[in-house]
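A short write-up of the structure that comes next.
Every read-out reported here was derived from the displayed coordinates using simple, explicitly stated rules and does not represent laboratory data. What you see is a predicted model, and the numbers here were worked out from it, not measured in a lab. Note: ideal-geometry Cβ built from the backbone for every residue, glycine included; neighbour counts use all protein chains shown.
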Amino acid sequence: MRALLVAACLGQAAALYADQAGEQDWHRENIGRVTHAVSKQKALFVMTEAGDRSLVASLGARTGTLNWRTALPPDEKGHAVALTDKAVVTLSGEGKCRAWAQNGGALLWEQPALPGKSSQALAVVEANKQCTVAVLAGNAVAFWDCSTGAARGAWFAERDDDA
């Protein structure tokens with residue numbers, strides 16, 4: 001059993017030789033410290049912190065080329081990032097959920113999460129040819145259509161007063 005675990009871990013390791021440094025890796029300046037990242041084929045989508053600002057950016061995965069970058073409002077920290085087929089979905093501030101076009105970074109839609117709730121998690125669910133963005137906030141989950149941002153409802157957990 002231990003040998004199987006070691007073999008599985010070794011199969012996932014990757015490294016560069018010294019002579020490959022700078023040729024097969026890259027470093028990008030002026031985007032801040034990366035806090036969240038997701039990738040899709042040849043693009044890397046990141047949420048970063050740069051001082052009191054959070055940024056959303058698209059980078060070329062192979063070269064690190066900056067495709068686009070957008071700053072969030074001041075003092076609004078990023079919490080999560082996820083992908084749909086055509087959008088980058090971010091969760092920031094006190095529950096602002098936004099969708100950005102993967103090509104160009106245009107804002108597609110913006111929705112507040114549940115009022116008065118601290119947002120904790122973001123997920124994109126694709127099933128039955130429908131795409132839904134789900135945000136966990138406090139004891140509730142809010143749902144929106146991926147492409148339009150139209151509300152699809154919310155689910156609230158029952159409170160157990162005996163606990």
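Full extension of the chain between Phe143 and Val125 yields a length gain of 5.5 nm, computed as 0.36 nm times the residue separation minus the alpha carbon distance. Among residues other than Ala87 with Cβ under 14 Å from its Cβ, the summed charge is -1 (Lys and Arg +1, Asp and Glu -1).
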